[in-house]
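One structure is given below, encoded as structure tokens.
The values are calculated or read from the model by the stated rules, or taken from the named source; none is laboratory data. From a predicted model like this one, the values you see are computed outputs, not experimental measurements. Don't worry about glycine lacking a Cβ; one is built from the backbone with ideal geometry, like all the others, and counts go over all protein chains shown.
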Amino acid sequence: MRGPSVAASAAQGAARLLQAVEQPVVVNGVRFTLNMSIGIALYPDDGRTAEDLLKHADTAMYRAKAAGGGVLRFYHAGMSDELQRRLLLATRLKAALHANQLSLHYQPQFDLQTGALCGAEALARWHETDAGWISPSEFIPVAETRGLIDELGDWALSEAARQVRQWQEAGLAFTGRVAVNVSARQMAAEGFVARAVALVRAQGVSPERIELEVTESSMMQEPRRAEDMARELVAAGFVLSIDDFGTGYSSLAALKRLPVAKLKIDMSFVRDMLDKVEDHTIVHTIISMARALGLRTLAEGVEQREQAEALLALGCDQMQGWYRGAAVPGDEFATRWLTG
């Protein structure tokens, strides 16, 4: 049986390896930060042959990677079942992408001062024939770990632009921008800027109508490269915002160099800001910092009138959330918000 001392020794060795790899590397004056995921399988509980041990360690490594990287995971029997399910989900997701079975829903964004519609966020939705609705929190991580995120991201960008064009052709007064999430992997791909421009223009839409949302953590992985990429995207006409702000580790110095227009305050802070002093303080600090940098702020996950009023009092510019409107298909969005 696996002894606690064996497991502890394995964990200690893996932790030292993680610590060594995470030390920044400077090449030609450019600072790089590496990331590692470690999976551990121990004899004899996790396998009695080298082949089984390697297979199970690989399974544990993928679980560590799915947790965001920079961590270690010990193998346990349930991981194999979970891996098989994720592999099946990845196969179905790839087929759904090729068969155009995914859709985008649009959540309205509002100006807190005037109450007017000022934009929308495009959110991927998937209704699987056999399983029904599958949560984005489930299939997007699968897309990231199984190499499908580029294809999913390209589809979302193209589909959002197509919807903007459709609203324009119908004579509907949508003067804001549609925000589309962009993954760190997409941003890192060679030729992303040219591809993003081509996808949008192929739908007859100017990049100025599209807002690209990037996560705070993805922008901080390689700050110098992220800054260059961001400037290229803005020069091409896109507007950039930082999503889930407050959950990463960006510095003020790094943030002020990025040509972003908006910070999106993560819903985890908005949800509890009326009850927890710490969250209220974080929201207030983000808004104050954004104002000092000349950036706009949008609060995510606003579900109560009291939250909206508190955000307005703090000087937040925009909001989205169930209080004013859930994400709905493009046609329904047009009926609710763009007509009458």
Checked ALA120, ALA131 against criteria (at pLDDT 90 or above and over 30 Å from TYR43 (Cα atoms)); the one match is ALA120
From the residues in the stretch 126-135 that are surrounded by fewer than 17 Cβ atoms within 10 Å (Cβ to Cβ) and in contact with a strand residue (DSSP E or B) (Cβ under 7 Å, 6 or more places away or on another chain), which one is nearest to LEU102 (Cα to Cα)? HIS127
Would you confirm, using the coordinates I've provided, whether ARG177 is of a type in the set (Lys, Arg), touching a helix residue (DSSP H, G or I) at 6+ places or on another chain (Cβ under 8 Å) and at pLDDT 85 or above? yes
Taking the criterion of being part of a helix (DSSP H, G or I), under 29 Å from SER241 (Cβ atoms) and either without any contact (Cβ under 8 Å) to a residue 12 or more places away in the chain or not assigned by TED's automatic domain parsing to the domain that holds ALA41 (or both), would at least one residue in the stretch 115-136 satisfy it? yes
Which of the residues spanning the stretch 315-340 are among the aromatic types (Phe, Trp, Tyr) and either free of Cβ contacts under 8 Å to residues at least 12 places away in the same chain or touching a helix residue (DSSP H, G or I) at 6+ places or on another chain (Cβ under 7 Å) (or both)? TYR323
For ILE282, the lone unmet condition from (1) surrounded by fewer than 21 Cβ atoms within 10 Å (Cβ to Cβ); (2) closer than 26 Å to ALA160 by Cβ; (3) touching a helix residue (DSSP H, G or I) at 6+ places or on another chain (Cβ under 7 Å); (4) at pLDDT 90 or above is (2)
Does at least one position in the stretch 139-158 carry a residue that is in the same structural domain as LEU312 (by TED's automatic domain parsing), within 16 Å of PRO329 (Cα to Cα) and free of Cβ contacts under 8 Å to residues at least 40 places away in the same chain? no
Out of all the residues in the stretch 40-54, is one or more touching a Ser or Thr at 6+ places or on another chain (Cβ under 7 Å), buried (at least 17 other Cβ atoms within 10 Å of the Cβ), within 27 Å of SER137 (Cβ to Cβ) and at pLDDT 80 or above? no
Within the group LEU233, LEU312, which residue is touching a residue at least 40 places away in the same chain (Cβ under 8 Å) and over 30 Å from LEU102 (Cα atoms)? LEU312
Among the numbered criteria (1) within 21 Å of MET187 (Cβ to Cβ); (2) modelled with pLDDT of 95 or more; (3) touching a helix residue (DSSP H, G or I) at 6+ places or on another chain (Cβ under 9 Å); (4) not small (Gly, Ala, Ser), which one does LEU298 miss? (3)
